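I have placed the structure first, in the form of C-alpha cells, so that the comments after it can refer back to it.
The values are calculated or read from the model by the stated rules, or taken from the named source; none is laboratory data. These numbers come from a predicted model, not from an experiment. Positions of Cβ are backbone-derived with ideal geometry, glycine not excepted, and every protein chain shown enters the neighbour counts. To get the accessible areas, we keep the full protein, side chains included, count just its heavy atoms, and leave off ligands, DNA and RNA. Shrake-Rupley method; radii C 1.70, N 1.55, O 1.52, S 1.80 Å.
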Amino acid sequence: MPKEHRLQIIPLGGLGEVGKNMTVIRFENQILVIDAGLAFPEDDMLGIDLVIPDYSYLVENQDMVLGIIITHGHEDHIGTLPYLLRDLHVPVFATKLTSGLIEAKLQESNGRLMGNVVEPGDLVRLGDFKVEFIRVNHSIPDCVGLAIHTPLGTIVHSGDFKMDHTPVSGDILDVAKFSELGKKGVLCLLSDSTNAERPGFTQSEADVGRVLNHAFQSAKERVILASFASNINRIQQVISAAVLTNRKVAIMGRSMLNYATIAAELGYLTVPDGILLSEDEILTLPPNEVCIVMTGSQGEPMSALTRIAMNDHKKMEIQPGDTVIISANPVPGNEKSVSRTVDQLFRQGANVIHGSSSGVHVSGHASQEDLKLLLNIVRPKYFIPVHGEYRMLINHGKIAEKLGIPSENIFIAENGSVIEFTRRGAGMTGKVSAGKILVDGLGVGDVGNIVLRDRKQLAQEGILIVVLTINRATCEIVAGPDVVTRGFVYVRESESMLDEAREKARQAAEKCLEGGVVEWVAMKNQVRDTLNKHFYEKTRRRPMILPIIQEVKLGEGKAGDVRAAEAKLSEAL
C-alpha cells in the first residue's frame, strides 16, 4: 500500500496576537519557514526589550529546514532573524528592500545572511516546494504574498496586504495572479486578519497625501510629523508635501533615519537634491521653511516627539504655532501614552493634528470588504485566518463562512497548532512547542515567569533586606539583624516599625537556634514569614523580603572578632 503523504501548516507565532509572525509549512521531512518576526513587550513585562517566538521546533528539526521566506520588512516579520540565524544556517528569500533591511539588522548583531533577492513574479524551487512571489500592497514597499505549490495542493499566504488601487510606490496588488491561482484550485488560504473587525474598504495611502498637502499649506510655522519609522510610503508623501510648500526636511530618530537611508539607497524613496538637512541645519531656518519627521507616534518614552513634548530634548522645543501631525493610530495599549503626549503638545501651544478622523493616517491592512474580495478571488477549499488577535481570527472566519466556505473547513488555530492535510481531508492533529522567548539586553530566554513575577513585586511593593551574622559554634547572633529597604517605606518616617521588625527578626532567628543545630533554609523561611506577617499587618503591603544569614567562627568573648563580623555585615549592606 503506497505511503500517505502529509502536508502540515504549523503557526509558531502571530495567532492570537499582533506580532512575532512565524509559520512553518512542512511536507514529509521538508520544512519552509514563512517570516520570523518579533513583538514588543506588554506593560507587565518589566525590563524586557523584545519578545520573539519559541522556535525550538525548528532547532529540533533544523536538518529539514530548506529556507526562510520573508513577505516584507516590518519588525513583526523580520525581527527574529538575528536570533534564528544563529541556530539555523539556511538561505533567506526576500525582495530587494526587505533584504536591505534584514542585512542592516544582521550587521548590528554581527550575523550572517545567506540572502537571495527575489521579485514579484519569481518562482523558487526548494525540495518538493515551488514558491511563487506575488505583488501585494501594504504600508511599506516591496511586499509579497506567496503561492506555495506542494504535491498535495497549493497554499496561498496573503502576507500583510490591502487593496490599494492608487499606491504611493510600486504596482497594485496582482489581482490577476490571485485569480489565476483560484481558477486552478487552492488547497488552503492563510490571510491577514488585522482589520477583520473593520467594515468597508481600507482607504488608499494617496488619500493621506492630499490631507498632508493641505496641512502643510495651512501651517504658518514649523511642521513636525511623527509616524512609524518603517512607513516608507508615508515618509515619501511628507517629502512631496515639503517640496510643494518650499520646506526643507530633517529626519530625527535612529530607527527612522535607518529606514529612510536604506530605502533611499535602494531607490524606494525619492528625495530631491537639497531637500534633506541635518538636525542642526534645519534649526537655523525660518519656521515656515521647516519640516521635521521623527519617531514617537506611539508615545514611546525615549522617542524624539515624547522628549520634545516633555521639554526634555537637548536641541528642540515646541514653539507656539508649530503644527504637529501624528500620522499613525495608537497601537492597542499605547492610547494613554499617546494622549499624554498630545496633551503636553497642546499645553505648549502647538496645533496638533491626530486621530483617525483627521485623515492623516490610513491602515496598511485590508478591511472586511477587501478580505471578502481576496477570498472570492482565491476560492480556497480550506481557510486559516492568521496575523491577528483571537477575536480578529474569529471574525475573519465568520466572513469566510458567509462567503460559502464550510465551517468545518475553517481552522481557528493557535500558536503551536498542527493543521494537517492528506488526500482524504484536513484537520487539527496536535500541538508542537510554541510560546514566547523574552529578550532582555544580551540575554535571550534567560528571563521567565518567575523573574517577571519578582520584578513585578519589586516594582509594586519594594524590597526589604534583613542581614544577620551567626556564630555556628555557639549558635548565637553576633551582629544584626540589620534592615535595608528600597521602594517600600520612607525610612525616616517608619523607624519605629522597622525597629519592631528587627526585634521580630531576632526573635525568629533565636527560636531557630534553640536546638543547637543551625538550619539555614529553615531560619531564612522563619524570618521571612515573620516579617511578611508583621509588615502586612502594619501596611497591608507585601514587599519582597530577602534574608541574608552570614556565618562566622568567633572565639568566646573576643571583641575584635565581633567587630570583624560587624565589618563583614557592613560590606554586605
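Quick notes
- Flag for ALA328 being closer than 21 Å to HIS214 by Cα and touching a His at 6+ places or on another chain (Cβ under 9 Å): yes
- Selected residue [touching a residue at least 40 places away in the same chain (Cβ under 8 Å) and touching a Leu at 6+ places or on another chain (Cβ under 8 Å)] from SER297, SER255: SER297
- A single member of ASN351, ASN334, ASN409, ASN329 is surrounded by fewer than 20 Cβ atoms within 10 Å (Cβ to Cβ), within 21 Å of ARG234 (Cα to Cα), at pLDDT 90 or above and of a type outside the set (Ser, Thr, Tyr), and it is ASN351.
- Among residues of the range 234-266, those that are open to solvent by less than 10 Å² (accessible area, probe 1.4 Å) and of a type outside the set (Lys, Arg), counted: 11
- Top-ranked residue of the range 220-232 - restricted to ones that are more than 21 Å from the chain's Cα centre (by Cα) and open to solvent by less than 10 Å² (accessible area, probe 1.4 Å), ranked as farthest from MET22 (Cα to Cα): VAL223
- Any chance VAL386 is β-branched (Val, Ile, Thr), under 23 Å from the mean Cα position of the chain (by Cα) and modelled with pLDDT of 95 or more: yes
- For the criterion of being surrounded by 13 or more Cβ atoms within 10 Å (Cβ to Cβ), touching a residue at least 12 places away in the same chain (Cβ under 8 Å) and either touching a Gly at 6+ places or on another chain (Cβ under 6 Å) or more than 30 Å from HIS165 (Cα to Cα) (or both), LEU277 passes.
- Scanning the range 137-175 for residues that are among the hydrophobic types (A, V, I, L, M, F, W, C) and part of a loop (DSSP other than H, G, I, E, B), we see that the one that is farthest from PHE228 (Cα to Cα) is LEU152.
- Test: ASP207 is modelled with pLDDT under 95, more than 13 Å from ASN137 (Cβ to Cβ) and not β-branched (Val, Ile, Thr): yes
- ASN395 vs. criteria surrounded by fewer than 16 Cβ atoms within 10 Å (Cβ to Cβ), at pLDDT 90 or above and in a helix (DSSP H, G or I): no
- In the range 180-205, the residues that are in a helix (DSSP H, G or I) and either open to solvent by less than 20 Å² (accessible area, probe 1.4 Å) or touching a Lys or Arg at 6+ places or on another chain (Cβ under 9 Å) (or both): LEU181, GLY182, LYS183, GLU205
- Subset of the range 425-460 that is of a type in the set (D, E, K, R) and modelled with pLDDT under 90 - its residue that is nearest to SER191 (Cα to Cα): LYS436
- Residue check for GLU75: surrounded by fewer than 22 Cβ atoms within 10 Å (Cβ to Cβ) and in contact (Cβ under 8 Å) with a residue 40 or more places away in the chain: yes
- Residues that are in contact with a Cys (Cβ under 8 Å, 6 or more places away or on another chain) and more than 25 Å from ILE140 (Cα to Cα) within the range 358-413 comprise PRO380, LYS381, TYR382, PHE383, listed in sequence order.
- Pairs, first over 14 Å from GLU205 (Cα atoms) and of a type in the set (Ser, Thr, Tyr) in the range 135-153, second assigned to a loop (DSSP other than H, G, I, E, B) and open to solvent by 20 Å² or more (accessible area, probe 1.4 Å), C-beta under 8 Å, six or more apart: THR150/ASP128
- Strands (runs of 3 or more DSSP E) wholly inside the range 64-117 that include at least 1 residues being more than 19 Å from ASN21 (Cβ to Cβ) and touching a Pro at 6+ places or on another chain (Cβ under 6 Å): 115-117
- The test for being touching a residue at least 60 places away in the same chain (Cβ under 8 Å), in contact with a Ser or Thr (Cβ under 9 Å, 6 or more places away or on another chain) and part of a strand (DSSP E or B) holds for LEU225.
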